[in-house]
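Okay, structure first, notes after.
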Amino acid sequence: MKTPGELSPEELSAMCPLNLFDFQSTAELPPLTETIGQDRATDAIEFGIDISSEGYNIFALGPSGAGKTTIIHQFLNRKASSRPIPNDWCYTYSFDQPDKPHALPLPSGKGCIFREEMRELIAKLQTDLVRALESDNYQQRKKDVVREVEEQQSAAFTQLEEYLNERSFALIRTSAGLAIAPMVDNKPLSAEEYSTLDTETREQFEAHRSDLENQMERTMRQVQEQDNETKARGDRLDHELALFVVGGHLQELREKYADCESIVRYLQDVEEDIVQNTSYFLTPPEQPQSGPSPIAMPLPSEGTPLARYEVNLLIDHCHSQGAPVVVETNPTYHNLIGRIEHRVEFGALVTDFTMIKAGALHRANGGYLVVEAKRLLNNPLAWDALKRAMSNREMRIEEMGEEQRPIASATLEPEPIPLDVKVILIGDPYLYYFLYDMDEDFRELFKVKADFASKMERNEESIRNYALFIGERCRQEGLCHFDLTGVARVVEHGSRLVEDQDKLSTRFADIADIVRESEYWATRNDHKLVTANDVQRALDERTRRSNRVEENVREATQRGFLHVDTTGRVIGQVNGLSILSIGDYEFGKPSRITATTFKGKAGLVHIDREVKMTGPIHDKGALILTGYIGDKYAQENALALSASIVFEQAYEGVEGDSASSTELYAFLSSLSEVPIKQGIAVTGSVDQHGEIQPVGGITRKIEGFFDVCKTKGLTGEQGVIIPASNVKNLMLRGDIVSAVGSGQFHIYPVRTVDEGISILTNCEAGQLQENGMYPEGSINFLG
């Protein structure tokens, strides 16, 4: 029979009424078209996406599984589809500064076309320039130039020879070149013959030598100038021909891209370079030996002169629709900023502009970049580079750690590309507040906080949204649909996840897992619709996969290895309740708390605290007990007392203040020498005035003690005392609700220590009377 103040079965869990639903299965429901339970966050995301001012990037924070990534993708995809497609970008060879490639913007979708057009142009020029340079007409023109110069040179040598002969000298040709020699009787003299001449004759010859050598030098200079003129005229012919051939091919491209100044300027540079370097094209491309021959567009081999005319298409929007949405799952420095790759040639690393590769920022330029904050911060250089790019509004591809190298190395310096991107970081609240406090740049760059909630109000609208979500998952993943009971059981589990009868969990990743697992068991049982029994089976099996440690603890308690009494009465001994978390699973574990009091002045001594097995929150709770005891019993006289409190068989340490009321009950029992019912466990923190305060994990704590009592045998006298303010947090299992309904288990909500000690001892706590005394026989009087 229910005692006064005890909770009824209806108060132990919030059941979901089936009459809230106007359907028989989720197959009848329309598609889910809106975000569930995240109005604050979605408004922030919409604001952050729409505002164009600098620095209004978004940090989406919240618990895992709250749908941050999914919701952001929905918003971004919807927004991106209505925005214009950004420019394509490519890098081209810089003819004046080869180590500083030019960044060339092109209209969206034109980059791949322009790249192929340039490849086709070079392929055609390799054929057409060779054909033009080797044509009979052109070769004849070059021969005419050479013949004309040769005639002029022949005439010059003839004049020189006549000039020499008139002065009795001859022009002779030797292996070392041209030379002059004296003649006698029209016959050049050898050195020996010249030495036999008399002195007067030799002097006559030598008198003319200087003048003759000067004349010969003038003639040789004239011949050299004629050689240079021949080469210059030949080069001019080559340039004129190349200009004619190249200009004809380029004219079509100039007209096609006349409205794109950067391309027109690049084509002009290409034309000038080809005209100056026609020798690059004198080796024609290899042709196939047989078969049809399509237009040849070979990609110039890396390291060849013709590779300088290649177009390195960095960003290609040929197949894009709307602005880009890029999700970078591995935000390393190079994956974000881009890289300059290298190849090995003769044992050395070399590179060129064709080996510049885009990063996520390049791909997201003109749109949106989504990055997980934790992974980004695991790459400090990437975080700094991202901030630098966002602050400078440009993307500059640099070697990682270049500024930290003791010796600068020669490398490429690609021209930076203007940056226009909205960055969305996704992370947990700890990361957001850590960055906000520690990084000033973060405050300036991420001004929009999208705070995702872990729970929402439980009302008819949210319950229906749960049903819509279940139906959507079933449709998208090809699962069996849920009937009314199955949906209701998932809704109840949603409240259990947040331990609140008036709330529902917004961690839809967890809800989706339950939907999938429930459908699995329904299929195993040949059910056409998923029912409440299938959902419960999924929940039970999930627990069974994770609760091995809990069962070991329960077995140890049953066998007496862990001392927890569930019957009888003992002075100074109470069963406290705590939570143990092991990975993704947590469970309630009862622990024996004992207290002893004796004469002395040591005051309240907590043994676990003295041996440094407690945390700061627990230590605070222990000091609050001292305040309560002093306020309660030492108003007139100093309290001369020694007491010790300990968590028995606690080896893993103690933290939290949820057992502070339990410790106080044990102390009051020992002080008054009134025994406590061992079948009633206690949880709840206490303030210095004896008010019982709410604690976390209330549902798990009750279930943990109930399982121990059930293992040892339910007597009808067992139960749990909880803070009254925790009643709305109860979402207990059905077997516990049934046990309470049949009087086998009891849940007592209390507001003060006095209420709790009265239930534990069946003895009134006693209120302070006008005479300053407590009623005789009360706990406070006996204490």
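The values are calculated or read from the model by the stated rules, or taken from the named source; none is laboratory data. Bear in mind that the values here come from a model prediction, so they are computed numbers and not experimental data. All Cβ positions, even for glycine, are placed from backbone atoms using ideal geometry, and neighbour counts span all protein chains on display. Calculation scope for accessible area: heavy atoms of the full protein, side chains included, ligands and nucleic acids excluded. Shrake-Rupley method; radii C 1.70, N 1.55, O 1.52, S 1.80 Å.
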Output the number of residues of the range 597-618 satisfying the condition of being closer than 16 Å to residue 573 by Cα, at pLDDT 75 or above and open to solvent by less than 70 Å² (accessible area, probe 1.4 Å).
1
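Here is a yes/no grid of residues against (1) modelled with pLDDT under 95; (2) within 43 Å of the chain's Cα centre (by Cα); (3) basic (Lys, Arg):
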{"residue": "686", "(1), (2), (3)": "yes, no, no"}
{"residue": "691", "(1), (2), (3)": "yes, no, no"}
{"residue": "695", "(1), (2), (3)": "yes, yes, no"}
{"residue": "708", "(1), (2), (3)": "yes, no, no"}
{"residue": "711", "(1), (2), (3)": "yes, no, no"}
{"residue": "745", "(1), (2), (3)": "no, no, no"}
Which residue pairs have Cβ atoms under 9 Å apart, sit 6 or more places apart or on different chains, and have a first residue in the range 758-773 that is β-branched (Val, Ile, Thr) and a second that is modelled with pLDDT under 75?
759/3
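Modelled with pLDDT of 95 or more and either in a loop (DSSP other than H, G, I, E, B) or of a type in the set (Asp, Glu) (or both): does that describe residue 519?
Numbers: modelled with pLDDT of 95 or more: yes; either in a loop (DSSP other than H, G, I, E, B) or of a type in the set (Asp, Glu) (or both): yes.
Spelling it out, residue 519 is indeed modelled with pLDDT of 95 or more and either in a loop (DSSP other than H, G, I, E, B) or of a type in the set (Asp, Glu) (or both).
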Given (1) of a type outside the set (Phe, Trp, Tyr); (2) in a loop (DSSP other than H, G, I, E, B); (3) touching a residue at least 60 places away in the same chain (Cβ under 8 Å); (4) open to solvent by 30 Å² or more (accessible area, probe 1.4 Å), identify the lone condition not met by residue 33.
(3)
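Tally time: how many residues in the range 103-114 are part of a helix (DSSP H, G or I), surrounded by fewer than 19 Cβ atoms within 10 Å (Cβ to Cβ) and not aliphatic (A, V, I, L, M)? Before you say what the answer is, go through the steps one by one.
Within the range 103-114, the first condition is being part of a helix (DSSP H, G or I), and the residues that meet it are 111-114.
Now restrict to residues that are surrounded by fewer than 19 Cβ atoms within 10 Å (Cβ to Cβ): 112-113.
Now narrow it down to the ones that are not aliphatic (A, V, I, L, M): 112.
Number satisfying all stated conditions: 1.
Among the residues of the range 483-501, which ones are of a type in the set (D, E, K, R) and part of a helix (DSSP H, G or I)? Let's see the steps before the verdict.
Within the range 483-501, the first condition is being of a type in the set (D, E, K, R), and the residues that meet it are 483, 489, 492, 496, 499-500.
Matches in the range 483-501: 489, 492, 496.
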Which one of these does residue 551 not meet: (1) open to solvent by 50 Å² or more (accessible area, probe 1.4 Å); (2) assigned to a loop (DSSP other than H, G, I, E, B)?
(2)
Inside the range 1-25, the number of residues satisfying the requirement of being in contact with an Asp or Glu (Cβ under 8 Å, 6 or more places away or on another chain), surrounded by 12 or more Cβ atoms within 10 Å (Cβ to Cβ) and not small (Gly, Ala, Ser) is 3
Say whether the condition of being touching an Asp or Glu at 6+ places or on another chain (Cβ under 6 Å) and crowded, with 20+ Cβ neighbours inside 10 Å is met by at least one residue in the range 749-763.
no
Output the qualifying pairs, or none if there are none: Cβ atoms under 6 angstrom, residues six or more apart or on different chains, first residue in the range 382-402 and within 14 Å of residue 440 (Cα to Cα), second residue surrounded by fewer than 17 Cβ atoms within 10 Å (Cβ to Cβ) and not hydrophobic (A, V, I, L, M, F, W, C).
387/441
Residue pairs meeting the criteria (Cβ under 7 Å; at least 6 apart or on separate chains; first closer than 15 Å to residue 660 by Cβ, in the range 688-705; second among the basic types (Lys, Arg))
691/751; 692/751
Being under 25 Å from residue 491 (Cα atoms) and either in contact with a Leu (Cβ under 8 Å, 6 or more places away or on another chain) or assigned to a helix (DSSP H, G or I) (or both) narrows it down to one of 754, 735, so name that one.
735
Name the pairs whose Cβ atoms lie under 8 Å apart, with the first residue in the range 432-459 and within 30 Å of residue 496 (Cβ to Cβ) and of a type in the set (A, V, I, L, M, F, W, C), the second at pLDDT below 95 and exposed (fewer than 14 other Cβ atoms within 10 Å of the Cβ), and 6 or more positions between them or separate chains?
453/40
Here are the criteria: (1) under 19 Å from residue 353 (Cα atoms); (2) of a type in the set (Lys, Arg); (3) within 33 Å of the chain's Cα centre (by Cα). Tell me which single one residue 119 does not satisfy.
(3)
Please enumerate the residues belonging to the range 245-276 that are surrounded by 13 or more Cβ atoms within 10 Å (Cβ to Cβ), within 47 Å of the chain's Cα centre (by Cα) and of a type in the set (S, T, N, Q).
262
Leading residue by the ranking (surrounded by the fewest Cβ atoms within 10 Å (Cβ to Cβ)) among those in the range 341-359 that are in contact (Cβ under 8 Å) with a residue 24 or more places away in the chain and small (Gly, Ala, Ser)
358
Output yes when any residue across the range 448-461 is at pLDDT below 95, in a helix (DSSP H, G or I), touching a Gly at 6+ places or on another chain (Cβ under 9 Å) and within 24 Å of residue 76 (Cα to Cα), and no when none is.
no
So is residue 656 at pLDDT below 75 and on the phi > 0 side of the Ramachandran plot or not?
yes
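For (1) of a type in the set (D, E, K, R); (2) surrounded by fewer than 19 Cβ atoms within 10 Å (Cβ to Cβ), each residue gets a yes or a no:
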{"residue": "450", "(1), (2)": "no, no"}
{"residue": "456", "(1), (2)": "no, no"}
{"residue": "477", "(1), (2)": "yes, yes"}
{"residue": "495", "(1), (2)": "no, no"}
{"residue": "519", "(1), (2)": "yes, no"}
{"residue": "525", "(1), (2)": "no, yes"}
{"residue": "530", "(1), (2)": "no, no"}
{"residue": "542", "(1), (2)": "yes, yes"}
Report, ordered by the first and then the second residue, all pairs with beta carbons closer than 7 Å, sequence separation of six or more or different chains, a first member in the range 507-528 that is touching a residue at least 60 places away in the same chain (Cβ under 8 Å), and a second member that is open to solvent by 30 Å² or more (accessible area, probe 1.4 Å) and assigned to a loop (DSSP other than H, G, I, E, B).
507/63; 507/454
Among the numbered criteria (1) over 48 Å from the mean Cα position of the chain (by Cα); (2) in contact (Cβ under 8 Å) with a residue 60 or more places away in the chain, which single criterion is violated by residue 727?
(1)
Exactly one of these conditions fails for residue 557: (1) out of contact with any Leu (no Cβ under 9 Å at 6 or more places or on another chain); (2) at pLDDT 90 or above; (3) closer than 23 Å to residue 698 by Cα; (4) of a type in the set (S, T, N, Q). Give me its number.
(2)
Quickly run through the range 669-724 and pick out the residues that are crowded, with 24+ Cβ neighbours inside 10 Å, in contact with a Lys or Arg (Cβ under 7 Å, 6 or more places away or on another chain) and small (Gly, Ala, Ser).
704
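Here is a list: 72, 49. Which entry is within 19 Å of the chain's Cα centre (by Cα) and open to solvent by less than 10 Å² (accessible area, probe 1.4 Å)? Spell out how you get there, then give the answer.
Numbers: 49 fails: open to solvent by less than 10 Å² (accessible area, probe 1.4 Å).
72 is the lone residue from the list that is within 19 Å of the chain's Cα centre (by Cα) and open to solvent by less than 10 Å² (accessible area, probe 1.4 Å).
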